[in-house]
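What follows is a set of notes on a single structure, which appears directly below.
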Amino acid sequence: QVQLVESGGGLVQAGGSLRLSCAASGRTFSSYIMGWFRQGPGKEREFVAAISSRSIMTYYADSARGRFTISRDNAKNTVYLQMNGLKPEDTAVYSCAATQSHYYSDYNLYHYWGQGTQVTVSS
């Protein structure tokens, strides 16, 4: 069992930055692939980024690549999403999730989810 709690969301102007954190409980955090997903108003949930259990591999959606960076600290049971160059279209609720599947972009295969944190980017 893994419980996830996100933080770090907020209101930022276009071009600004935010760093999201996702704190996990449980001793098995380091065995999970961790992902970030987002759901904007009136939109489907979409994959943003994922990181392998030992941080060897990272994966990004095209919309995030080059602007967002996912990282994790297994000693702190925490995964991060550094978001730079934010755009109004990045406005969404961002959620972290944990999976043991290698199909990292499929939200249906994630076992555990946080409650989400709102990110709003003003133009």
Inter-label distance for residue 71 and residue 23, nm, one decimal - labels placed 7 Å from Cα along Cα-to-Cβ: 1.9
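Suppose accessible area is computed on protein heavy atoms with a 1.4 Å probe; arrange 48, 12 from highest to lowest.
The ordering from most to least exposed comes out as 12, 48.
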Paramagnetic reach from residue 82 in region 1-30 [backbone N under 16 Å; point 7 Å along Cα→Cβ]: 16-22
Full-stretch length increase - residue 123, residue 31 - with 0.36 nm per residue and alpha-carbon distance subtracted: 29.2 nm
FRET efficiency, residue 14 to residue 58 (Cβ-Cβ, R0 41 Å, nearest 0.05): 0.95
Listed residue (63, 86, 53) projecting farthest to the positive dipole end of region 42-86, Cβ model: 53
Rule-of-thumb Rg ratio for the chain [Cα; 2.2 N^0.38 Å; N residues]: 0.97
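Let me check I've understood the local charge: for residue 57, count other residues with C-beta under 15 angstrom from its C-beta, Lys and Arg +1, Asp and Glu -1. What total comes out?
+3
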Percent accessible area from carbon and sulfur atoms, the chain, protein chains only, probe 1.4 Å: 48
Sum of side-chain charges, residue 35 neighbourhood, beta-carbon under 14 Å (Lys, Arg +1; Asp, Glu -1): 0
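I'd like to check one number: the per residue accessible area of the chain, probe 1.4 Å, reported in Å² as a whole number. Walk me through the numbers on the way to the answer.
Details: 6350 Å² over 123 residues.
Roughly 52 Å² per residue, with all protein chains present.
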Computed over the chain: relative contact order in percent, which uses C-alpha pairs under 8 Å that are six or more apart: 35
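The values are calculated or read from the model by the stated rules, or taken from the named source; none is laboratory data. Only a predicted model underlies this, so the values are computations on that prediction, with no experimental measurement involved. Don't worry about glycine lacking a Cβ; one is built from the backbone with ideal geometry, like all the others, and counts go over all protein chains shown. In case anyone asks, the SASA skips ligands and DNA or RNA and just uses the protein heavy atoms, side chains included. Shrake-Rupley method; radii C 1.70, N 1.55, O 1.52, S 1.80 Å.
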